[in-house]
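Peer 1: First the structure, which I've put down as C-alpha cells, then a few questions once you've had a look.
The values are calculated or read from the model by the stated rules, or taken from the named source; none is laboratory data. Just so it is clear, the structure is predicted and the values come from calculations on it, not from any experiment. Every residue, glycine as well, gets a Cβ built from its backbone with ideal geometry; the counts of neighbours run over all protein chains shown. Keep in mind that these areas ignore ligands, DNA and RNA; they rest on the heavy atoms of the full protein, side chains included. Shrake-Rupley method; radii C 1.70, N 1.55, O 1.52, S 1.80 Å.
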Amino acid sequence: MTALSDEIKSIIAASGPMSFERFMELALAHPEQGYYMNRDPFGAAGDFTTAPEISQMFGELVGLWSAEVWREMGSPNPLRLIELGPGRGTLMSDALRAARLVPEFRDALDVTLVETSPKLAQIQYEALAGCGVGVAWLPTISEAPPGPAIVIANEFLDALPVRQYVHSNGRWRERVVKVNAEGELAFGVSGDYEPYILAPGEEGDILEVNPASHRLMFELAARMAKQGGVELFVDYGHSVTGVGDTLQALRNHRYVSPLSEPGEADITAHVDFSAMARSARAAGAAVYGPIDQGDFLTALGIDARTHALCERSPARAEEFEDARRRLVGKSAGEMGALFKAMAVASRMAPTPPGFETR
Ligand code: SAH
C-alpha cells in the first residue's frame, strides 16, 4: 500500500476502472507521487542499474559516435544534442568528456535534456555543472530548439506507459485496473471490445501497444525529415512483434507485482522495436537495426577502449573487463543481446556508424 494506491482507488471509486495505460502513467509520472518524481532509482542502493551506470565506456562511446554522426551530417553548427530521460546525467557527462577529442564538435554543441522529474533534473544539473557546454532542460521534446539534431535515448522508451488488450470472450478488450472485493487494486477487463484489432488470439492472450512511443516516433521522424538528424534508441525489447505481457515491476532489484506498489516500484515494458520502426518509416524516416547492444558497442570500439583504460589504471583492470563483459556479453544476466540499438535518421543521411553491416 502506498499513498498513490489510495489516490488511484479513489479515482476508480469515483469514475470506474481505469486503463492500465493510465495506471502506469500515474505510477511513474504522477506530479507528486510518481516513481521518477522524487527519487534517484539507480545503482546498487536503488531499484535497477543501466548501461551508463555500469561503466563510463558506454557514454564515452556514444559521445564519439555522436561526433562521427555530426561529421557525416556535414558538421552543422549549432548541433542540437538532445537526450531523452537522462537519469543521473551520467551518459551525457561521459559523452561530453570523450567529445574533448573532437573540439570542433564540442564547440558546435548545444545540449538539451528532456526530463519530467525535478529530482532527476537536479541530479543531472549537478553532474553537468562543470562540463563546459551549454545545457538546457525541458519537460518535452516538442519544445526543443529547431535545427539539425542528434537524439539519444537509453532506457527511455521502456518507461513510457503501455496499453494492453486481453482476448476475452472472443474479443480484444482493454486491460483495466479495478478495486476487487478485498479492496485491493486488481487487473480486470473492459466490458467494451475493440473491433478494429484484427490479430487472432486465444482466450487470455495479451496484446501490448505503446501509443506514447508511437507519438514520439512520429514527432521525431517529422523533425528529422525537416531539419535533419539522427536518433539513437537503446533499450531492452524484442525485434519481432508478438503476443504477450512484458510488464516488469522492480523494487530494490526484486520483481514485484505491477499493481502492488504504485509510485514505489519501477514499471517497464519491453520495447517493440518492429512497431517503432514501422511508425518511423511511415513518418518518412530511414531505420537502421535494431542490432544487439553487444554488436553495436563492439563496432564502436569497446574492446580498444577497455584495453586503453586497463593500461592507464592497471589496478582497475578487472573492473573494466567485468563492465565490458556485462555490456556486450550475450549470456543470461548480461546485456549484450537483451538490449538492442536502433537508429532513425532522415532519408538523406548516410548509414550511422555501427549499423553499416546489418
Ligand atoms: N537514460 C538513463 C535513465 C533511464 S530511466 C540511464 O540510462 O541511466 C528513465 C528516465 O526517463 C528517467 O530519467 C525518467 O525520469 C525519465 N522519464 C520517464 N518518462 C519520461 C517522459 N515522459 N518524459 C521525459 N522523461 C521521462
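Peer 1: For Gly244, are the conditions met, namely being among the small types (Gly, Ala, Ser), without any contact (Cβ under 8 Å) to a residue 40 or more places away in the chain and more than 21 Å from Glu72 (Cα to Cα)?
Peer 2: So Gly244 passes the test.
Peer 1: A further question on this structure: Take Pro200 and decide whether it is modelled with pLDDT under 95, in contact with a Phe, Trp or Tyr (Cβ under 9 Å, 6 or more places away or on another chain) and open to solvent by 70 Å² or more (accessible area, probe 1.4 Å). Break it down stepwise before answering.
Peer 2: Details: modelled with pLDDT under 95: yes; in contact with a Phe, Trp or Tyr (Cβ under 9 Å, 6 or more places away or on another chain): no; open to solvent by 70 Å² or more (accessible area, probe 1.4 Å): yes.
Here the answer is no, as Pro200 does not meet what is asked.
Peer 1: Give me the pairs, please: first residue somewhere in segment 113-137 and acidic (Asp, Glu), second residue anywhere and within 11 Å of the ligand (Cβ to nearest atom) and part of a helix (DSSP H, G or I), beta-carbon distance under 6 Å, and either six or more positions apart or on two chains.
Peer 2: Pairs that qualify, where the first residue is acidic (Asp, Glu) and the partner is within 11 Å of the ligand (Cβ to nearest atom) and part of a helix (DSSP H, G or I), are Glu115/Ala121.
Peer 1: If you don't mind, there's one more thing I want to ask. From the set of residues in segment 138-189 that are touching a strand residue (DSSP E or B) at 6+ places or on another chain (Cβ under 8 Å) and without any contact (Cβ under 8 Å) to a residue 24 or more places away in the chain, which is most open to solvent (accessible area, probe 1.4 Å)?
Peer 2: Val189
Peer 1: Being more than 20 Å from the chain's Cα centre (by Cα) and open to solvent by less than 50 Å² (accessible area, probe 1.4 Å) is the filter here; which residues of segment 76-95 pass it?
Peer 2: Quick first cut of segment 76-95, residues more than 20 Å from the chain's Cα centre (by Cα) only: 76-79.
Across segment 76-95, the qualifying residues are Pro76, Leu79.
Peer 1: Quick check on my filter: what residues within segment 219-253 are under 30 Å from Leu198 (Cβ atoms), out of contact with any strand residue (DSSP E or B) (no Cβ under 7 Å at 6 or more places or on another chain) and not aliphatic (A, V, I, L, M)?
Peer 2: Once the filter is applied, which keeps residues that are under 30 Å from Leu198 (Cβ atoms), out of contact with any strand residue (DSSP E or B) (no Cβ under 7 Å at 6 or more places or on another chain) and not aliphatic (A, V, I, L, M), segment 219-253 yields Glu219, Gly242.
Peer 1: Please work out which residue is least open to solvent (accessible area, probe 1.4 Å), limiting yourself to segment 110-137 and to residues that are of a type in the set (Ser, Thr, Tyr) and more than 8 Å from the ligand (Cβ to nearest atom).
Peer 2: Going residue by residue through segment 110-137, those that are of a type in the set (Ser, Thr, Tyr) are 112, 116-117, 125.
Adding the requirement that they be more than 8 Å from the ligand (Cβ to nearest atom) leaves 112, 125.
Details: Thr112: 3, Tyr125: 131 Å².
Per the criteria, the residue is Thr112.
Peer 1: While we're on this one: Being in a loop (DSSP other than H, G, I, E, B) and open to solvent by 70 Å² or more (accessible area, probe 1.4 Å) narrows it down to one residue among Asp107, Asp192; which is it?
Peer 2: Answer to the selection: Asp192.
Peer 1: Determine the pairs where a residue that is crowded, with 24+ Cβ neighbours inside 10 Å, located within segment 224-239, has a partner that is in a helix (DSSP H, G or I) and β-branched (Val, Ile, Thr) with Cβ atoms under 6 Å apart, the partner being 6 or more residues away or on another chain.
Peer 2: So the pair list comes out as Val230/Val69.
Peer 1: Could you tell me whether segment 20-37 includes any residue that is under 26 Å from the mean Cα position of the chain (by Cα) and more than 27 Å from Arg88 (Cα to Cα)?
Peer 2: Yes: one or more hits.
Peer 1: Something else now. For segment 316-336, does any single residue satisfy the condition of being exposed (fewer than 15 other Cβ atoms within 10 Å of the Cβ), in a helix (DSSP H, G or I) and modelled with pLDDT under 95?
Peer 2: Checking segment 316-336: not a single residue is exposed (fewer than 15 other Cβ atoms within 10 Å of the Cβ), in a helix (DSSP H, G or I) and modelled with pLDDT under 95.
Peer 1: Also, quick follow-up: On the basis of being in contact with a helix residue (DSSP H, G or I) (Cβ under 9 Å, 6 or more places away or on another chain), within 14 Å of the ligand (Cβ to nearest atom), among the hydrophobic types (A, V, I, L, M, F, W, C) and closer than 16 Å to Trp137 by Cβ, does Leu91 make the cut? Write out each step before concluding.
Peer 2: On the way: in contact with a helix residue (DSSP H, G or I) (Cβ under 9 Å, 6 or more places away or on another chain): yes; within 14 Å of the ligand (Cβ to nearest atom): yes; among the hydrophobic types (A, V, I, L, M, F, W, C): yes; closer than 16 Å to Trp137 by Cβ: yes.
Yes; evaluated as a whole, the condition is true for this residue.
Peer 1: If we keep just the residues of segment 143-165 that are away from the ligand (no atom under 11 Å from the Cβ) and not in a loop (DSSP other than H, G, I, E, B), which is farthest from Gly89 (Cα to Cα)?
Peer 2: Tyr165
Peer 1: Same structure again: Would you mind finding the one in Arg100, Arg80 that is of a type in the set (D, E, K, R), in contact with a helix residue (DSSP H, G or I) (Cβ under 9 Å, 6 or more places away or on another chain), free of Cβ contacts under 8 Å to residues at least 40 places away in the same chain and more than 9 Å from the ligand (Cβ to nearest atom)?
Peer 2: Arg100
Peer 1: Then there's this: Name the one entry in Asp303, Asp272 that is over 20 Å from Asp235 (Cβ atoms) and in contact (Cβ under 8 Å) with a residue 12 or more places away in the chain.
Peer 2: Numbers: Asp272 fails: over 20 Å from Asp235 (Cβ atoms).
One residue alone meets the criteria, Asp303.
Peer 1: Looking for whichever is touching a residue at least 60 places away in the same chain (Cβ under 8 Å), buried (at least 17 other Cβ atoms within 10 Å of the Cβ), among the aliphatic types (A, V, I, L, M) and away from the ligand (no atom under 16 Å from the Cβ) here; the options are Met18, Met37. Which one fits?
Peer 2: Met18
Peer 1: Within the bounds of segment 211-227, is there any residue that is part of a strand (DSSP E or B) and either of a type outside the set (S, T, N, Q) or farther than 21 Å from Tyr35 by Cβ (or both)? Before you say what the answer is, go through the steps one by one.
Peer 2: Looking only at segment 211-227, we keep the residues that are part of a strand (DSSP E or B), and these are none.
No, that holds for no residue.
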